[in-house]
Each structure stands twice: as C-alpha cells, then as structure tokens.
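The structure under discussion appears below in the form of structure tokens.
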Amino acid sequence: MTLRGYPGALSVAPGEDLAIHVSTGAERFRARFHRIGARLEEVGVTGPLPGRWCPEGPPDEDWAWPEHRWTVPDTWRSGIYVAVLEALDEAAPADGSGTGPVEVDARDARFVFVVRSQPDAEPRPILYKVPFCTYHAYNATGGGSLYVDQAVDATGRARVTFLRPGGGSGGDLSFPEAVDVYDPGTPREGVAHWDLPFVAWLEAAGYQADYCADVDLDRDGDAALDGRSLLLSAGHDEYWSETMRDAVERFARRGGNVAFFGGNTCFWRVRIEPGGTGMSCRHPDVAAEDADQWWRTRPENSLTGVGYRGGGGWWAGPRDPLGYTVVRADHWIFAGTGLADGDELAGPERLVGYECDGAHLDPAAGGRPQPSGTDGTPVDFEVLGMAPLSERWQDRPAGAAAVATLGVHRPGGTVFSASTTDWPRVLQAGHPGVERITRNVLDALRLPPVVLRAPSHAVAGSTVTLHVAHSSAGEPAVVWWASAGDLEPDGASAALHLPDGPGRVSVTARAEGPSGARFGHVSVLVLTPREAAQVALVSLVHSLALTTPPAPVPTLPAGPGNQPLASAAWDPVRDGLRRPLTADDVAWLRERANRLSALVAEMERQQGGQP
C-alpha cells in the first residue's frame, strides 16, 4: 500500500507545530519519529491519524496533501530527524511502540526534517548544516528534478518545490542506477549516505552540536550563525543561495570558523522561493554559458579555497586507489597522525572521490605548492595535501592540471576544506588518520578565535616575535606550539627561532582567559637569504611606485593629471609636474634611493652565492 508524506517546513524548533502532509489508501496511519545520532533513537510517535489517498502533483508545485499537526516536544534535542510513516490496522500495537528495525533511507513512507535549538537556549559552538537544497535538486518525485524532466518557467529557470515527498529520503531518485560501489546500501542522493555517517561519528565521539537546514541560513542570514564558533558541512553540499553564501562569508570574515568535510561544495547557485517552499535555478547543461554555476561570476573558491573545476568526478564503477599526498606534515591538522611529507592519507580506502574539489596550483613556487590565484582561491590558502587526478577520472574540467586539494585559509576565522565527498564514509569506517585530522579540526575550530600576530615571512635562521592580542581584562595563559624551530614562550608573547632551511612553520596558540579558551594559528613562510633579499627589493620598488611624490590630489577623482605613479595612465609631464618637489620630497627620495642601492647590492651578493 502506497504511503508517502512530507513536512510543511524543513526545520522546526521545540514547541512549534510540525505540519505532516500524507497520502495513503489506509484508513489510519501514524508517524514514528527517530533522531539521527550515534545511533538511531526513537523519540516519539503520533496517535492514529486519518488517512486519505491523494494524487501526485508536478515537481514544481505545492502538492497540498492533507495536513496533520504535531507539536514538537520541548525535550527534543536539536538534530536531524526522520519520520517513519506506518499504515495501521487492528493488529497495530495499542501503545504506539515500534514494529522493528528502521532504515533511514527509503523511496516512500519517510521524510526528513531538522529540529533547531531552543530559541532562548545558549547556542552551542558547533552548528551543523543539512543541505536540503542539494537533496531536493536530485529529488525526482512527481516526475522531475533539476536533472531530469525539468519544470522550466518562462525565464528559463528550473523550479522544484519542497512541498512534496523526498528531499533526503522518501522520494524518487534522479539517478537510481548510480550505485556507490564503496557504500552500496544507500543512494548518493540522501541523508543516509552523507549526513548519517558523519553525524553518527560526531556524536559517538562526544561532540555536541546544534543543527539547521540550509534554508535557515537563507531565511535568517547572520542571525542563524550568531553565537557560533564553527559551521560544519559534510558530504555533498552542492546547492547554495546567494543569501546563504553571503551569511557564511560574513561569518568567516568576522572570526567564525567553517569546516567543509565534503566535496563539490557550493557549485550551483539557487534562488529560494518566498516562505522557503521551493527553489529555482538556471540549470541547463553544465557547459551552457547561462548556467547558474558560482564559478562563472563569483567562484566558490573564495569561500571554500577550492572548487570542483579544479578537481573532478568518478561517478560509475570502482575507482583507482587515491588519497591525499601530505605536503605539510608539520601543520597542526596532522598532529598525532604520524604522517610525514610524501605519505598518502587513506589511499587504499579511496578517500578522494567520488567528487572532489581542487585549486589551481603554481608549479613555480620554489617547490612549495601554492595557489596561482587564477581561479579565485585566496592567496593565503595553505596547501596541506594533494591528489592529482589521472586521465581515468570520468570528469576533469582542468585536464591534466586537476588535483584534489586539502587545505585551509583564514579570511578572519579559519576555513578548512577536506575537498572530497567521501570523507564521511572513510571517517565512519574508522580510518585513524582521517579520524585524527577531523578531531584536530573540530577541537581547534569549535573554540572562538584569538588574534595571533606574527610576520607572514622571515629569513631562515632569524628570530621572529609572536604575540596574542588580549583585552585589558588581563593577560591570558597561552599554550604555544610550533611545528619547527625553537620556541621560547613568554606569557602572551613568544620568540620563535626559525630553522636554517626554507619551508613553512605552523604556530598555534591556545589562550585561556576570563572569557574562556580561544584558539589561533599562523603560518610563517621561511625564505632563503636570496629569496628574502628579492622580497625586500621588490617590496621597496612597489612602495616607491605607490608613494613617490608628487602624490595625487586625494579630493579629486583619478584622471588626466591626477594619476598615481603606479598607474598605466600616469603621464610624465602632467602628473610628474603636478606640483614642485619640496626639499622634504627630495630628502625622502634620497633616503629611499640609498635603501634601494643597499638592497640591490645585497641582491647581487646573494646571486653570487648559493640560491
């Protein structure tokens, strides 16, 4: 007997009514509610509800099935919940108890929703985001999705409604033939495949989190992230609205942390319908120039540090073994793993895939991989692991340059990207390296950030000063750690004697103060003497180009006769004679000319020695 349903909203708070919409040929039915955590826990059941059969609707319109309301108990914890719908007959247990083991994934008689935290509760530091937009993009219930038999409006936008079965579980698949050979028990289009493994590990490991639907970020914006230290995304979080992305980027800029334990993240841009009842997307073939892909106008790399176009996909059949080759074993995320540079992380487990993200890397960076910046990846993105994709991969937008890239960057807080969809699978399977890295990231980033001041680069063998910024309430107690060199802590400051060879040194600081524990980290690039001489020389030339008098008139717009020296439009007569040089100007130029001469001499000396 067909029994299907969907929630009236993708998330609810304790004390609010959950609208349950169901169609069934049975006279009576009930819903049993289960919370996904370290185990699947049954937490409640409705009484018998009257059944009524209703026809299916199209994929882009509210199905308007009969509504039944259930008040979410105040005792329900924030989390991901699955409702199991059961037809009732005379043999049904009178006490409402369950009838046996429950599977989260099914094609009918299921729906998934999130219970948010209590509105007046203290926010937990960790917030886990469930990607319902991605699940509904693949939800083919009603005969269409964003991938098959699209419902396209007059403007060319494909639309799907959230008010129909499916969207995580309980609906039809866009690609029922696509079997994950490494986890064949559930399809790649739902909560059981991506969120359940990560959340089961997370809660079994003792981490407590609040949960939200991605559409909550679209509705509430910054308010959804207030009071949080870390936003978590796992698995396959592919579809983002502009409001969601804006909120997360502002959160990261003002010191919030984000950890992406997934891949193919933020690839498509969607528009959420008023009231959060559906979404639309210009979703033709991926190669179409008018497709709503973020990389065309605002690459996702600026948020995550990586993008699918730098990685690729292997959708069908067994993959070649591939994990991340470690390139920064001294970084704090690898602490306790026992990994060394050149080791491969979870290669036999095929950690990289089925879809993965990467950055365009600069091959001429002195042997230290770093982003080229041509794809939107921030220049401060630290490459920690690399996995070049062979020509056997079924999709490689970057061709031979495709390389899945594990790393972090710091827009204000810290953004970590695992850059592969299968991280939750390998994590739940108990791989020690993947588990240790996950713990390192969570343990550090669930703490509020502390401002850690340090130079971005210094010459090998020199000593640099590190400092934790603190308020007037008192100097914090700081635990310092450095991956290399000799560290001499002195309260909120430390002297770091850099190693004699080039490379990078990671430094972390855990500060305990009146407001609790905070975490900060920096990476100091260690240069050879020749590299340091070149940086000093070109930096001075750059400074001269920006500041050499006569300076432009600041109250006038840039234009003919008011261009800075560094501008290609600078004119030697109109700009060079903007005003007479004073004696102070000439003295300023002489001092910098002397400095320039000294730096050129040092550069020549270094060129005569070893690089």
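The values are calculated or read from the model by the stated rules, or taken from the named source; none is laboratory data. A quick note: this is a predicted structure, and the numbers were derived from the prediction, not measured. All Cβ positions, glycine included, derive from the backbone under ideal geometry; neighbour counts span all protein chains shown. Only protein heavy atoms, including side chains, enter the accessible area calculation; ligands, DNA and RNA are left aside. Shrake-Rupley method; radii C 1.70, N 1.55, O 1.52, S 1.80 Å.
When peptides 415-424, 440-449, 306-315 are ranked by their average number of other Cβ atoms within 10 Å per residue, the highest-first order is 415-424, 306-315, 440-449.
Looking at the square roots a ≥ b ≥ c of the eigenvalues of the Cα gyration tensor of the range 38-92, which shape do they give, rounded for a/c under 1.5, prolate if a/b is larger than b/c, or oblate? It is oblate, given that a/c is not under 1.5 and a/b is not larger than b/c.
Surface exposure of the range 1-94, expressed per residue as accessible area with a 1.4 Å probe, stands at 45 Å². Quick one: pull the percent of accessible area on the range 400-446 belonging to carbon and sulfur, 1.4 Å probe, ligands and nucleic acids left out. Its accessible area is 44 percent carbon and sulfur atoms. Remark: the range 302-436 carries 35 Å² of accessible area per residue (probe radius 1.4 Å; ligands, DNA and RNA excluded).
Residues in the range 467-611 average 58 Å² of solvent-accessible surface per residue, probe 1.4 Å, ligands and nucleic acids excluded. Ligands, DNA and RNA left out, the 1.4 Å accessible surface of the range 315-357 is 56% carbon and sulfur atoms. Local charge for Pro564 was computed over the other residues whose Cβ lies under 12 Å away, with Lys and Arg +1 and Asp and Glu -1, and equals -1.
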